[in-house]
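There's a structure below that I have some questions on.
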Amino acid sequence: MKVTTRGVQQFARDAGLPEELIARHAKALETFTFRVAKRQRKVDQNKVRAWYFDKNLNKCPLFELLEQEDTEDLV
């Protein structure tokens, strides 16, 4: 996942945040977004690692594993 500063600002606009709020808290929004992206990369790496070392002959394809919705992370 590639995250850019301009992309973070566009995400905030798309979410309906006022422009003055985005300008005032741009650094905090960027830090938050980068931390979320870092966490998602870690979760995906762990899924790939677990899939790779799984000795089950009937394991699902890797891309199906990565597309599964993570409902336990939403809590």
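The values are calculated or read from the model by the stated rules, or taken from the named source; none is laboratory data. All values derive from a computational prediction rather than experimental measurement. Don't worry about glycine lacking a Cβ; one is built from the backbone with ideal geometry, like all the others, and counts go over all protein chains shown.
Would you pick out the residues in segment 23-54 that are in contact with a helix residue (DSSP H, G or I) (Cβ under 7 Å, 6 or more places away or on another chain) and either among the basic types (Lys, Arg) or exposed (fewer than 10 other Cβ atoms within 10 Å of the Cβ) (or both)?
Listed by number, the list holds a single entry, 47.
So, one more: List every residue pair whose Cβ atoms sit under 7 Å apart, with the two residues 6 or more apart in sequence or on different chains, where the first one lies in segment 1-14 and is basic (Lys, Arg) and the second, anywhere, is part of a helix (DSSP H, G or I) and at pLDDT 90 or above.
Taking only residues 6 or more apart or on different chains, the pairs are 13/22.
Could you grab the pairs with beta carbons closer than 7 Å, sequence gap of 6+ or different chains, first residue in segment 33-45 and more than 20 Å from residue 15 (Cβ to Cβ), second one loosely packed, with under 11 Cβ neighbours inside 10 Å and of a type in the set (A, V, I, L, M)?
If the second residue must be loosely packed, with under 11 Cβ neighbours inside 10 Å and of a type in the set (A, V, I, L, M), the pairs left are 41/1.
Right, another one. Name the one entry in 57, 65 that is of a type outside the set (D, E, K, R), modelled with pLDDT under 85 and either loosely packed, with under 13 Cβ neighbours inside 10 Å or in a loop (DSSP other than H, G, I, E, B) (or both). Explain how you work it out, then say what you get.
Values: 65 fails: either loosely packed, with under 13 Cβ neighbours inside 10 Å or in a loop (DSSP other than H, G, I, E, B) (or both).
Among 57, 65, only 57 is of a type outside the set (D, E, K, R), modelled with pLDDT under 85 and either loosely packed, with under 13 Cβ neighbours inside 10 Å or in a loop (DSSP other than H, G, I, E, B) (or both).
Here's something else I'd like to know. Give the residue that is nearest to residue 45 (Cα to Cα), with candidates limited to residues of segment 1-33 that are hydrophobic (A, V, I, L, M, F, W, C) and assigned to a loop (DSSP other than H, G, I, E, B).
1
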